[in-house]
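The structure's right below; bear with me while I get my questions together.
The values are calculated or read from the model by the stated rules, or taken from the named source; none is laboratory data. For clarity, every value in this text was computed on a predicted model and none was experimentally measured. Positions of Cβ are generated from backbone atoms using ideal geometry, with glycine treated the same way; all protein chains shown enter the neighbour counts. Side chains are part of the model used for accessible areas, which takes the heavy atoms of the whole protein and leaves out ligands, DNA and RNA. Shrake-Rupley method; radii C 1.70, N 1.55, O 1.52, S 1.80 Å.
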Amino acid sequence: CANEECRDQKLYLKVFFSYRIYEGGRESLPEHPYLFESDVEIYLIGGSCKSPIETFWNGSDIVYVLQKARHNEESDSLEVSKTDDAIYASELLPKESSGPVSLPVRRAKQLISLYTMVQNPNMTHLKICDLVVLPPLWVKCDASDPERTCWLGAEPLKAGKKITGITLHMVTCDGPTAGKTHFANLEELKTEHKMRHHSSVVTTKGFAQYELIRAAAIEDTILESESNIYVDITWNTVNKILETPPLISPATLNITLEPGDPRSPVYQMYRQLQFLLALADGLKTGMTEWPEPTESESAVDVVQEFLTDLKKKLEGYCVSGNSGTEEIKCDTAAVDSSIASAFTERGDLDFAEQLWCKMRSKCVSSYQELVECFTLIIKSLEHGEIQPWIHQGSSSLLSKLIQQSYHGKVEVVSLTGITPIQMLLEIGLDKMKKDYVNFFIVKSRSCLPLQDYFISTSVDLQEQVHRVQKLHHMLEIMVSCTVLLQFKHENLFPLTQICMKYYKENPLNEKHVFQLPIRPALVMKFCQNDHPEIWKVEISSGHGPKEVKTTWQVSSNPSVEHMTSNSTGLFSDSTVNGSSEERLYFITTARCSQVHFI
């Protein structure tokens, strides 16, 4: 009827307008859902955004997602009074978010049907002049049907720029449930796939994901918080449900590591970095957050004692000789014995580096104290009381003053404003750069050209600090793999190169997942007595655009985010009815079918 045709055309206009948002928002996709109809919201997912359907579908980078509209009471009362045209004019404004997001399965099917209709070139009565190929559409469902459908999807099939059909997806979920009675039989899954798609030949592909940071945990040193190390293994030809991946299978190590855990073996390095960051912030804001003093002896007294020892050396007096080793210990004494072998202690600390260790370990607690420390040092240089040794190539102001002192003339430096903070920041940067580079050269033998980027002094101090943060993040990753996974040089070297390449091209991102192709045998010893977090089998037939798949997955957590649960997971220590043999699990099944227009 005419009303239905008007409704269909209006729906197309809505979808088309949303497509224009998509076209104009490639660089910055909308952050909030937009009202699509009175009961439905629409939003776009793309780029680096995490997709809620990535665990069971790996198609287009850009997708539409439809969900139940969420209104507050005021907006609901206003909507009732608006005319249909007025509603349409304001439909694409961001709305308040509250309440459930799943649509009834029946409503989701209706939306999928309408989407399919406006993509069908044979629907000439809609009078669509310029048919555009829209991104795939996925609808969140509430599992209210007997199959417990949690997602419905539609994906256009194309031949060039021409739409030839639609692939319809259905994802069902089950769980949490106990025991293995709900596990599918692989042969039954293959038979069902053949009957659904009239296929005589099918292929199978397996996937398993194991969490390693827990399986390889070392007491009191495991990094938790947002950190995670897991391995993804894929293989062809699956013979049974939950089979162990063959050792010759391709595998990828995935590492996400957030620095700063007090139990980390390199936590002292992290604290040193935090002091450096506080100084850098002080340069930017003019306000420095000084740490509380932790020692009864002030930093000024420590520096004075340090200078006195140097004077005695210059005068030929015998000193204890521990001034060069004590500072090394301040950086390494707190390093856990399990990681000590990962570091080569530097025995070549120059005057500026030893000064940094002393001022940091004794915690310079005020701006005035910092000024007094540098005043003592500069006076000693001016009077020729000390002739300290420094590394060649150091670009800090203090190093320049020391070099000038070799010739008996030191320029006047006004220790006011940000100058003292900048001087301390510079020597800290020099020290930490050398520490990190020493580790990467000795332990992972990484190439120097890439390292030049991280230690360059041709950029401003803030950028240098930013790059040192990147170095520390990489250090924590290497140390974790060395301690937890017993990685050797042949594994650390390619991982270091991957991290360096990423950080040479991208800003600091402590949530980034670094990926390293590995041999499963390298980590399977950590997996043999541990169940996979995810195990799935993919059954497929056909080729190219006519390929169809059925996926069955069992996992320790729900793979569908909008289906909430209080379960602790598949392979946890939870029991049912007191039985230690029954565990909780979630099952997700994804099926598809194709409708051809031509």
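Within the stretch 462-516, how many residues turn out to be of a type in the set (A, V, I, L, M, F, W, C) and open to solvent by 60 Å² or more (accessible area, probe 1.4 Å)?
1
Does ALA178 fit the bill of being touching a Phe, Trp or Tyr at 6+ places or on another chain (Cβ under 6 Å) and open to solvent by 20 Å² or more (accessible area, probe 1.4 Å)?
no
Any residue at all in the stretch 290-298 that's surrounded by 15 or more Cβ atoms within 10 Å (Cβ to Cβ), in contact (Cβ under 8 Å) with a residue 24 or more places away in the chain and assigned to a helix (DSSP H, G or I)?
no
Can I ask one more? Taking the criterion of being outside any helix (DSSP H, G or I) and in contact with a helix residue (DSSP H, G or I) (Cβ under 9 Å, 6 or more places away or on another chain), would at least one residue in the stretch 417-432 satisfy it?
Taking the stretch 417-432 first, the residues outside any helix (DSSP H, G or I) are 417-418.
Subsequent filtering for residues that are in contact with a helix residue (DSSP H, G or I) (Cβ under 9 Å, 6 or more places away or on another chain) retains 418.
Yes: one or more hits.
Sort out which residues of the stretch 157-175 are in contact with a helix residue (DSSP H, G or I) (Cβ under 7 Å, 6 or more places away or on another chain) and surrounded by 22 or more Cβ atoms within 10 Å (Cβ to Cβ), and write them in order of number.
Within the stretch 157-175, just ILE166 meets the criteria.
I'd like to know if the stretch 259-267 contains one or more residues that are of a type in the set (A, V, I, L, M), closer than 16 Å to TYR436 by Cβ and touching a Ser or Thr at 6+ places or on another chain (Cβ under 6 Å).
No: the stretch 259-267 contains no residue that is of a type in the set (A, V, I, L, M), closer than 16 Å to TYR436 by Cβ and touching a Ser or Thr at 6+ places or on another chain (Cβ under 6 Å).
Still on this model: Would you mind finding the one in LEU283, LEU247 that is in contact (Cβ under 8 Å) with a residue 12 or more places away in the chain and surrounded by 14 or more Cβ atoms within 10 Å (Cβ to Cβ)?
Values: LEU247 fails: surrounded by 14 or more Cβ atoms within 10 Å (Cβ to Cβ).
So the residue among LEU283, LEU247 that is in contact (Cβ under 8 Å) with a residue 12 or more places away in the chain and surrounded by 14 or more Cβ atoms within 10 Å (Cβ to Cβ) is LEU283.
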